[in-house]
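What follows is a short report on a single structure.
The values are calculated or read from the model by the stated rules, or taken from the named source; none is laboratory data. The structure presented is a predicted model; accordingly, all values stated were derived computationally and were not measured. FYI the Cβ positions are ideal-geometry reconstructions off the backbone, even for glycines, and counts take in every protein chain you see. For accessibility, only protein heavy atoms count, side chains too; no ligands or nucleic acids. Shrake-Rupley method; radii C 1.70, N 1.55, O 1.52, S 1.80 Å.
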Amino acid sequence: MSNALPITRRENFAEWYQAVVKLADLAETSPVRGCMVIKPWGWGIWERIQQQLDARFKATEHQNCYFPLFIPMSFIAKEAEHVEGFAKEMAVVTHHRLKAIDGKLQPDPEAALEEPLIVRPTSETIIGDAFQRWIQSYRDLPLLVNQWANVVRWEMRPRLFLRTTEFLWQEGHTAHADRDDAMRETRQMLEVYRTFAEQVLAMPVIAGEKSENERFPGADNTYSIEAMMQDGKALQAGTSHYLGTHFAEAQNIRYQTATGEMALCHTTSWGVSTRLIGGVIMTHGDDDGLRLPPAIAPQQVVILPVLRDRPDDADAMSFSEDLARALNQQTALGAPVRALVDKKPGRAVDKRWDWVRRGAPVICEIGSRDAAANAVTFLRRDQMYDGTPGGKAKMQNRDAESFVGSIEDMLQDIQKSLFAEAAERLRTNVRTDLGSWQDIATYFGRDDDSQFKGWVLTGWAKPSGAALAKVSAQLKELALTIRNAPLEQPKAVGKCVFTGAPATEAILIGRAY
């Protein structure tokens, strides 16, 4: 069996990932180090993610708005823990004009800004400044906003979609009268992310709370959804933060209560980014390229007319266009079916493999004989091969009416099958039998034939201070992190694997992107 990619996942997972991004025509590196150009197929995936998430935000009564890309340094400096968390990643604008000096363009010394501007790494501080103007009374609460934007965090080791200097995301920001309401918001948005990941991205995740040393800078509580990639590493696919009153104190976000007193607001923030596309690649991709869940595929059915420079080519093309029109009148997964006729010149077999690499859920090939027989020859991307020696492509054949009538069930089945495959991988690769730190260190430190090392679920006593610093050092030595404490906890948690004290909860430990 010959695969469509030059390298397999088992040979080198990192190089395989880069090959998928390139050959699926998702994105490319830009002239600006660490930044990417998102190509139409990749952008189409992001559009589908954006549209469906946006609908969920609006269904939970959030409104979209937009805030400046540039943030005064003084705003950032008001929240010391926030500054410390992002200081090494911030891009700073210091001048507003260039000037030719000795024949070279340079920042004009006379155009220095009175106050440097930070290129937005996240927007808590600039949005907090707006909140303190917008909120006067308890009648103004809760205030629920979201923005779709780009952010900049200077990245030393960029990887397309996973870690780039500039990336796209949404960031929700809300203000509430008390902790209980703010915590309801924080958990509600975590659940929005969890259901979206599983229902739309077909990506199973574990939702839980981050440990103290992994919290968002300035947050009281950080929650995350963690997805297991095919190499066993975790991908933090979304976060939701309860920020307490820290940012309210720094930005003076207060409201008058019903009894006339002034009180600080409790704020939250939450976000996901274009790294979700990286997660989809590493969750569903195979050695032939990307496999897209139909819910986010820019085109769910791609139709390839087989043209041979013969008079009956017109029949194949006409039949293909009629088929696309019929499909586009169907619905699947809550939206109209998206079908495309690929009219570009080229051999049908080459075009088929191009769409295989791109991950189109269903690929049809229509020749003049198919047109004459009113038949559709097609391939399901989630069922590439027929299981015979040599792995022949599993081409199927149905009459056109039957194919069109079955497309809703077919796309739903592909969505479910991708999720089931990934869910089984997650279910069977979380170790619960490693009862000591030495066992964990041996497991992750062992050099064996398998690239795949899953996660460990173990006891945790929530150490702090010097004890937590020691834990962090132990984990760092093996490139491990605490992913989260799952919201769904086991009935018994035993002892803390680090301190030996009775555990208060179970945590997930693993390597991560």
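Between LEU487 and GLU81, the modelled label-to-label distance comes to 2.2 nm, taking each label 7 Å out from Cα in the direction of the beta carbon.
Taking 19 Å as the cut-off, the amide N atoms of the stretch 81-96 that come nearer than this to a point 7 Å along the Cα-to-beta-carbon line of SER464 belong to 81-82.
At a threshold of 8 angstrom on Cα-Cα distance, excluding pairs fewer than six apart, so keeping six or more, what relative contact order does the chain reach in percent?
Values: 1018 pairs, mean separation 74.7, N = 513.
Relative CO of the chain lands at 15 percent.
A value for Cα extents along the principal axes in Å was derived from the coordinates, and within the list [x] 87, 64, 50; [y] 97, 53, 44; [z] 80, 60, 60 it appears as [z]. Taking amide H as placed 1.01 Å from N in the peptide plane, the amide H of ALA332 sits under 5 Å from that of VAL337, each at least 5 places away or on another chain.
Relative contact order of the stretch 120-267: what whole-number percent is it, with Cα pairs under 8 angstrom and at least 6 residues apart? Could you put the intermediate results ahead of the total?
Values: 248 pairs, mean separation 36.7, N = 148.
After rounding, I find 25 percent.
Potential lengthening of the chain between THR442 and GLN383 amounts to 17.5 nm, from the contour at 0.36 nm per residue minus the alpha-carbon distance.
Using a cut-off of under 16 Å, list every residue of the stretch 257-291 whose amide N is near the label point 7 Å from the Cα of SER137 along the Cα-to-beta-carbon line. The answer is 257-263.
Between the DSSP loop rule and a limit of at most 14 other Cβ atoms within 10 Å, which GluC sites (Glu not before Pro) in the stretch 432-513 are left?
Those that pass, being in a loop and sparsely packed, are GLU488.
Let's test the formula: R0 of 35 Å, r as the Cβ-Cβ distance of ARG369 and GLU11. What FRET efficiency results, to the nearest 0.05? Approximately 0.35, to the nearest 0.05. For the chain, the solvent-accessible area works out to 45 Å² per residue, with a probe of 1.4 Å and every protein chain left in place.
If R0 is 22 Å, what FRET efficiency do you get for GLU212 and ALA501 from their C-beta distance, rounded to 0.05? Don't skip to the end; give the middle numbers.
Details: r = 16 Å, r/R0 = 0.71.
With a Förster radius of 22 Å, E is 0.90.
Counting 0.36 nm for each residue step from THR428 to LYS394 and taking away their Cα separation leaves a gain of 9.4 nm. The amide H of VAL306, built 1.01 Å from its N in the peptide plane, has ILE366, GLY367 as neighbours under 5 Å, considering only residues 5 or more places off or on other chains.
Peptides 95-101, 421-427 ranked from most to least packed, by the mean per-residue count of other Cβ atoms within 10 Å: 421-427, 95-101. Computed on the stretch 229-322, with alpha-carbon pairs under 8 angstrom and 6+ residues apart, the relative contact order is 22 percent.
Would you mind calculating the gained length between ALA479 and GLN106 on full extension (0.36 nm times residue separation, minus the Cα-Cα distance), in nm to one decimal?
Details: separation 373, 0.36 × 373 = 134.28 nm, distance 4.12 nm.
Result: 130.2 nm gained on full extension.
Between MET156 and LEU113, the simple label model (points 7 Å from Cα in the Cβ direction) yields a spacing of 2.5 nm.
Between helix 348-358 and the chain there is an angle of about 20 degrees, using the helix long axis and the longest principal axis of the Cα atoms.
Measure off, as a whole percent, the carbon and sulfur share of the 1.4 Å-probe accessible area of the stretch 212-350, all protein chains present. Walk me through the numbers before you get to the answer.
On the way: 2240 of 4820 Å².
On the stretch 212-350, the fraction of accessible area on carbon and sulfur atoms equals 46 percent.
Here the Karplus curve 6.51 cos²θ - 1.76 cosθ + 1.60, taken at θ = phi - 60°, turns the phi angles of the stretch 306-320 into couplings of 8, 10, 10, 6, 10, x, 7, 4, 4, 5, 5, 5, 4, 4, 4 Hz, with x standing for Gly and Pro.
Can you give me the % of accessible surface on the stretch 444-513 that is carbon or sulfur? Probe 1.4 Å, all protein chains present, nothing else counted. The nonpolar share, carbon plus sulfur, comes to 52 percent.
The HN-Hα couplings worked out from phi for the stretch 285-300 by the Karplus form 6.51 cos²θ - 1.76 cosθ + 1.60 (θ = phi - 60°) are x, 10, 6, 9, x, 7, 10, 9, x, x, 4, 10, 6, x, 10, 8 Hz, whole numbers, x standing for Gly and Pro. Of the accessible area of the stretch 1-133, computed with a 1.4 Å probe over protein heavy atoms only, carbon and sulfur atoms account for 53 percent.
What's the magnitude of the charge dipole for the stretch 211-329 around its Cα centre, counting Lys and Arg as +1 and Asp and Glu as -1 at the beta-carbon? Answer in Debye, nearest 20.
On the way: 8 positive and 16 negative charges, 77 e Å.
It works out to roughly 360 debye.
Amide H to amide H, with H built 1.01 Å from N, THR165 comes under 5 Å of CYS35, GLU155, counting only residues 5 or more places away or on other chains.
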